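Contents: one structure, followed by commentary.
The values are calculated or read from the model by the stated rules, or taken from the named source; none is laboratory data. These numbers come from a predicted model, not from an experiment. Please note: Cβ atoms are built from the backbone with ideal geometry, for glycine as well, and neighbour counts cover all protein chains shown.
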Amino acid sequence: MNLWIILLGIITLGVIIWLSTLTGKKDKRRRYLEALADYVESRLEPLEGYPNSFRIRCNFAGNEFVYEDIVDRAPGNVANRVFLKGPSPTTLTLSLTEKPRTTIRADVQSFADMKTPWVNAAEKLVLPPELKMFSAFTNDPLLAGLLLEDGKVLKAFVSCKNVDALGHPVCSLEIKEGTVIMGFHPRTEMKPSLAELYHSPPVIADYLERAAAPVERLKKLAVLKKERGQL
């Protein structure tokens, strides 16, 4: 009888420890998110449609941003996805993916030819040398070209260049229908690093500054486009 009592006690203790570990992990993430919300002078909000997922709205240099921490639950897998999003007054879409491996040379327009704004739309976007490992998809080549001419914008994209586990180039910064989106990676060697952000919430200021560069540039280009009667 005593042996069964001891075994039952050990099992009960093990369950308690396991549950406390799970609770500790959840509490740690929640505490980090609350600290981040405090740092940007905002509050933590539940994200509709995603259980145990949160959103933080904030303002940086006159630009509105939303930080989203999403828990995706798929059969046999739970993934944590984190994004920093900032809207712009445009409908631009720009994403950088691995360049197709081909020996066929396409007919392209030089990057310099795109510097006369809003006159002749460029048929193709030619990426600057710092991003030559990527292939670009955009719904507005001219606007995308003018965006990437800005030094701060180009620096923001370059700072988000990565190589994944299979050796393929990946860019963590993109624009979808006018919204600038920066994605964070769980792997510490990739940029931006979610681990770095969890370790030190004030690091978010650096990422907000990077994401603000394309938002600000798109605002200026939208004004220029409107002045020239093309909206």
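From the list Asp164, Asp150, the lone residue that is acidic (Asp, Glu) and modelled with pLDDT of 95 or more is Asp150. Does at least one position in the stretch 146-167 carry a residue that is in a helix (DSSP H, G or I) and more than 16 Å from Ala211 (Cβ to Cβ)? Checked the stretch 146-167: at least one residue is in a helix (DSSP H, G or I) and more than 16 Å from Ala211 (Cβ to Cβ).
Among residues belonging to the stretch 69-126 that are more than 30 Å from Tyr207 (Cα to Cα) and among the hydroxyl-bearing types (Ser, Thr, Tyr), point out the one that is modelled with the lowest pLDDT. Break it down into steps so the answer makes sense when it comes.
Applying the first criterion (more than 30 Å from Tyr207 (Cα to Cα)) to the stretch 69-126 yields 75-76, 101-110, 113, 116, 118-123.
Then keep just the ones that are among the hydroxyl-bearing types (Ser, Thr, Tyr); that gives 102-103, 110, 116.
Values: Thr102: 57, Thr103: 46, Ser110: 47, Thr116: 39.
The extreme case among them is Thr116.
Any residue at all in the stretch 185-196 that is β-branched (Val, Ile, Thr) and under 18 Å from Glu216 (Cα atoms)? The answer is no; no qualifying residue exists. Identification of strands (runs of 3 or more DSSP E) wholly contained in the stretch 42-97 with 3 or more residues that are of a type in the set (A, V, I, L, M, F, W, C) and under 30 Å from Pro169 (Cα atoms) yields 54-60, 63-74, 77-87. Restricted to the stretch 40-72, and to residues there that are in contact (Cβ under 8 Å) with a residue 24 or more places away in the chain and in contact with a Cys (Cβ under 9 Å, 6 or more places away or on another chain), the residue that is farthest from Lys219 (Cα to Cα) is Val40. If I filter the stretch 189-201 for residues that are closer than 17 Å to Pro87 by Cα and in contact with a Cys (Cβ under 8 Å, 6 or more places away or on another chain), do I get at least one hit? The answer is no, given that none of the residues of the stretch 189-201 is closer than 17 Å to Pro87 by Cα and in contact with a Cys (Cβ under 8 Å, 6 or more places away or on another chain).
When Ser159, Ser193 are checked against the criterion of being of a type in the set (S, T, N, Q), touching a Lys or Arg at 6+ places or on another chain (Cβ under 7 Å) and surrounded by 13 or more Cβ atoms within 10 Å (Cβ to Cβ), a single residue qualifies: Ser159.
So that you can scan it fast, the table gives a plain yes or no per residue for (1) in contact with a helix residue (DSSP H, G or I) (Cβ under 8 Å, 6 or more places away or on another chain); (2) under 28 Å from Tyr39 (Cβ atoms):
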residue: Val126; (1), (2): yes, no
residue: Leu142; (1), (2): yes, no
residue: Leu146; (1), (2): yes, no
residue: Val163; (1), (2): no, no
residue: Leu166; (1), (2): no, no
residue: Pro169; (1), (2): no, no
residue: Val180; (1), (2): yes, yes
residue: Glu189; (1), (2): no, yes
residue: Pro214; (1), (2): yes, yes
